[in-house]
Amino acid sequence: MARPRITLKLATSLDGKIALANGMSEWITGEKARAEGRKLRARHDAIAVGANTAVLDNPQLTTRIDGEEDPVRVIFDTNLRLSWRSNLARTAKKTPVWLFTNVTTGENAEALEMQGVRLLKTPLNDGLDLGFAMSFLHEYGIASLLVEGGGTLAASFLRLDAIDVIEWFRAPIILGGDSRGSIGDLGLENMNLAKRFNRIEIRDLGDDLYERYERIV
Ligand SMILES: NC(=O)c1ccc[n+]([C@@H]2O[C@H](COP(=O)([O-])OP(=O)(O)OC[C@H]3O[C@@H](n4cnc5c(N)ncnc54)[C@H](OP(=O)(O)O)[C@@H]3O)[C@@H](O)[C@H]2O)c1
């Protein structure tokens, strides 16, 4: 299947957590790591997040770098939970928002479309069908996709062996087992089935560590 090259960006604690149990995630990493994260966005055609991240964080998902074009913002939102008042919707006429969903009718759907959000009716297959979404993105010119989380969406791409690169920013803090994990369930029953990557870069970013991994094919 033709699909974009897919990079997973992780900004985690030492114990691989991306948010507190209450959803709070600002800020885990320091300013240098966050600046690198914004540059990473600028190097991709599109950025994707799951519905929980879109609703809980109310992000803009822009680069905030002068002179850089913002990537298309891609949301996976089965039941159209994203509000037409969200930061993503309010900025959709300036920077595209493509929302894969199973619901394309109703008041919120109309309001989101009025704001300029593109609703893409998507079949279900263990959540929204990511195979369908990846083919669609490829067909519409998205050659590189940055998956920014959360853990549930990251796990779905990993289950399909669709993560080619991991860019990992790791802060020297520990958030504990009741916090939210960077990768959701994979359902592995044998160590041979573990998702394997080669580390190809490692460097300090202030107090944080940056690591880059490529999938072993
Ligand atoms: N530190 C960081 O770098 C970072 C980055 C991103 C997020 N976060 C944090 O992570 C937390 C959210 O993560 P999360 O794991 O709860 O949720 P998530 O991955 O952001 O969103 C998951 C939701 O996306 C929707 N979805 C639709 N199709 C899917 C598919 N095929 N596979 C997976 N999900 C699909 C589902 O909701 P519906 O059924 O409603 O569609 C699913 O529950 C937030 O607290 C956020 O702050 C941290």
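The values are calculated or read from the model by the stated rules, or taken from the named source; none is laboratory data. Everything numeric here is computed off the predicted structure, so don't read it as measured data. A quick note on method: Cβ atoms are made from the backbone with ideal geometry, for glycine too, and the neighbour counts reach across all protein chains shown.
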Going residue by residue through segment 130-137, is there one that turns out to be without any contact (Cβ under 8 Å) to a residue 60 or more places away in the chain and not aliphatic (A, V, I, L, M)? yes
Enumeration of residues in segment 106-153 that are within 29 Å of Leu10 (Cβ to Cβ), of a type outside the set (A, V, I, L, M, F, W, C), more than 14 Å from the ligand (Cβ to nearest atom) and not in a helix (DSSP H, G or I): Arg118, Tyr140, Gly141, Ser144
Residues Thr63, Thr29, Thr7: which one is over 13 Å from the mean Cα position of the chain (by Cα), modelled with pLDDT of 95 or more and not acidic (Asp, Glu)? Thr29
Do we find that Ser156 is under 22 Å from Ala2 (Cα atoms), away from the ligand (no atom under 12 Å from the Cβ) and either touching a helix residue (DSSP H, G or I) at 6+ places or on another chain (Cβ under 7 Å) or among the small types (Gly, Ala, Ser) (or both) in this structure? no
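One line per residue, one yes/no per condition, for (1) touching a strand residue (DSSP E or B) at 6+ places or on another chain (Cβ under 8 Å); (2) outside any loop (DSSP other than H, G, I, E, B):
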| residue | (1), (2) |
| --- | --- |
| Ala11 | yes, yes |
| Leu14 | yes, no |
| Ile18 | yes, yes |
| Ser25 | yes, no |
| Thr29 | yes, no |
| Glu36 | yes, yes |
| Asp70 | no, no |
| Arg73 | yes, yes |
Any residue at all in segment 201-209 that's acidic (Asp, Glu), within 11 Å of the ligand (Cβ to nearest atom) and surrounded by 14 or more Cβ atoms within 10 Å (Cβ to Cβ)? no
Test: residue in segment 160-175 that is without any contact (Cβ under 8 Å) to a residue 60 or more places away in the chain, near the ligand (Cβ under 10 Å from one of its atoms) and closer than 27 Å to Leu193 by Cβ: yes
Since Val103 meets every condition but one in (1) within 13 Å of the ligand (Cβ to nearest atom); (2) assigned to a helix (DSSP H, G or I); (3) farther than 25 Å from Gly16 by Cα, which condition does it not meet? (2)
Considering only residues of segment 38-60 that are among the polar types (S, T, N, Q) and part of a helix (DSSP H, G or I), which is farthest from the chain's Cα centre (by Cα)? Asn52
Could you tell me whether Gly67 is away from the ligand (no atom under 14 Å from the Cβ), small (Gly, Ala, Ser), surrounded by fewer than 19 Cβ atoms within 10 Å (Cβ to Cβ) and without any contact (Cβ under 8 Å) to a residue 12 or more places away in the chain? yes
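Rundown of residues vs (1) in contact with a Pro (Cβ under 8 Å, 6 or more places away or on another chain); (2) buried (at least 16 other Cβ atoms within 10 Å of the Cβ); (3) of a type in the set (D, E, K, R); (4) without any contact (Cβ under 8 Å) to a residue 24 or more places away in the chain, yes/no style:
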position: Thr101; (1), (2), (3), (4): no, yes, no, no
position: Ala111; (1), (2), (3), (4): no, no, no, no
position: Gln115; (1), (2), (3), (4): no, yes, no, no
position: Pro123; (1), (2), (3), (4): no, no, no, yes
